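In what follows, a structure is listed as structure tokens, so that the remarks can point back to it.
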Amino acid sequence: MKKKYILTILHNQTLSEAFVLDKKAQIVGHGQQEITPIKVSGTHIEYDPLDIIYSIRSAIHKSLKSNQIDAEEIASIGITTDAHTTVIWDKQTGLPYHNCIAKNTEGTTPLCQQLCRDRIDDSIRERTGLSLTPDAPAPLLKWLVDTDPNLHHHLKKKTLMIGTLDTWILYNLTGRTIHKTDRTHASKTLLMNLKETQWDPFLLKEFHLNHAILPEILPSQADFGTTQYFVPLPDGIPIVTLCEKDSARLIGTSGFNFGQAKLSYEDTGQFLINTGTDCPPITPHANPTLIANGATQHYGLHAEIPFPHMNIPWFPQLTQLTKPLSEAPPNSVHILPSDTQRMTLSGLHAGTTAEELTHAYFEAIVFQTNTILRQLESEHRLFLKELKADGPLSNNNLLLQFQADILQLPVIRMAEPHTQALGTALLTGLNSGFFKDKQDIQKHLKIDRTFLPSMDPISSLSRYNQWKRF
């Protein structure tokens, strides 16, 4: 049967999705399945690893059924997940040893504090490019090993296997035979040496882990095995791409080349810029990272931009501003930068309206983005020509227009909103022959809208400086 399609499998937190794309990089099938955490609190999140696999089976089934697609027509598969959730399973049975843990800061925070006192955090940053954080896989695994004597025994005997979600999904797709990951996922664990792109012996020792129980690290486009015994898919479909979600989104916004950048407007702004084959230096406001861009190592610069959290009843009115922010009258309300969990409101009064608060929320996002990007330009001598936008809030035209006005750069929104699925599919298609090269792919990447600066530079700077004074 003729191979017509690429299948992309996504898993992000509580949602599994499957996308089927054709040779024009158009999504022709989609299915999704939510899962419920076993434990969830402000400091602790756990899932059943088997629930994740069941949800992926369901999402694939729905994606094929949505357009009556025959699974035999799938040419190849790509997988994309976040890289923070860890899974531990038995080497003999392939069954989970423990719930997969996305977060347990109650246990890992004291551990990270001790590592900082021992000055190990400096070595971690130097080797991985990342700061030591309580929700990273490495401290989480060390906490589990240190607090579970039975787990410690099994790890010492090498009868267990460990991986992030991409590894766990791949292992099940291949009939519980393949134990591999890719560079982009491994680079987020605090265990991989960024320049060597292999597990770092010093870090493995510090976190009480053994190389033998960890997956083999490959480039994002590689031979990751074939499907085996995974209903509803037939055996023998090649799995040729693994890609961490932010890297996939960069490719999904056409970020193949040096200097191209994307910003995902989510709970926090996820900024990523392609820096080519040279690893960027470590600086206070961004982390060097690996991105998926072919067999050759490509690096990027990643920064989180703190957006204010606004879990309050009038939040849906974000889409109901009546005037462009550049034309709105002066606003007495301001949301000032604090951290990712809090916000500081200035200028509230008895007559403050929801629209004024929404206005202030948008301003905080745009001005905070401007602050971070200007710092990165200074630290890394970056000169952005444009910024690609994705994520839930990128649907708001007023936000993106004001972002273009303040940055004094074109802000571009792609026609396909599912940039994570698209980016993974493009890499998969390159590796399986669907697309000849990156130039061939460019023909299929369509722009929805380009927001050009409408405010003059002096007025733009004045608005930004006024906000900074509060």
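The values are calculated or read from the model by the stated rules, or taken from the named source; none is laboratory data. Being a predicted model, the structure only gives us computed values, none of them experimental. Ideal geometry is used to build each Cβ from the backbone, glycine not excepted, and the neighbour counts take in all protein chains shown.
So here's what we get for this one:
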quantity: Filter result for the condition that a residue is of a type in the set (S, T, N, Q) and touching a Phe, Trp or Tyr at 6+ places or on another chain (Cβ under 6 Å), over THR85, THR43, THR108; calculated: THR108
quantity: Flag for LYS188 being over 21 Å from HIS285 (Cα atoms), in contact with a helix residue (DSSP H, G or I) (Cβ under 8 Å, 6 or more places away or on another chain), assigned by TED's automatic domain parsing to the domain that holds TYR47 and among the basic types (Lys, Arg); calculated: no
quantity: Selection count, region 61-92, where residues are among the polar types (S, T, N, Q) and within 21 Å of GLY429 (Cα to Cα); calculated: 5
quantity: Region 414-434: number of residues that are part of a loop (DSSP other than H, G, I, E, B) and either under 16 Å from the mean Cα position of the chain (by Cα) or under 18 Å from ASP223 (Cβ atoms) (or both); calculated: 4
quantity: Number of the condition not met by ALA421 [criteria: (1) over 16 Å from ALA261 (Cα atoms); (2) surrounded by fewer than 20 Cβ atoms within 10 Å (Cβ to Cβ)]; calculated: (2)
quantity: Subset of region 189-218 (residues that are crowded, with 24+ Cβ neighbours inside 10 Å, of a type outside the set (Val, Ile, Thr) and part of a loop (DSSP other than H, G, I, E, B)); calculated: LEU190, LEU191, PHE207
quantity: Of residues in region 261-296 being of a type in the set (S, T, N, Q) and crowded, with 20+ Cβ neighbours inside 10 Å, the one nearest to THR428 (Cα to Cα); calculated: ASN293
quantity: Residues within region 1-35 that are among the charged types (D, E, K, R) and assigned to a strand (DSSP E or B), tallied; calculated: 2
quantity: Close pairs (8 angstrom Cβ cut-off, 6 or more residues apart or separate chains): at pLDDT below 90 and aromatic (Phe, Trp, Tyr) in region 293-308, part of a strand (DSSP E or B) and crowded, with 17+ Cβ neighbours inside 10 Å anywhere; calculated: PHE307/TYR265; PHE307/GLY269
quantity: Qualifying residue in region 448-455 (condition: touching a strand residue (DSSP E or B) at 6+ places or on another chain (Cβ under 9 Å), β-branched (Val, Ile, Thr) and either in a helix (DSSP H, G or I) or surrounded by fewer than 22 Cβ atoms within 10 Å (Cβ to Cβ) (or both)); calculated: yes
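Listed here are the residues, each with its yes/no results for (1) among the polar types (S, T, N, Q); (2) in the same structural domain as HIS302 (by TED's automatic domain parsing); (3) at pLDDT 90 or above.
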| site | (1), (2), (3) |
| --- | --- |
| THR344 | yes, no, no |
| GLU356 | no, no, no |
| THR369 | yes, yes, yes |
| LEU376 | no, yes, yes |
| HIS380 | no, yes, no |
| LEU387 | no, yes, yes |
| SER394 | yes, yes, yes |
| GLN401 | yes, yes, yes |
| VAL411 | no, yes, yes |
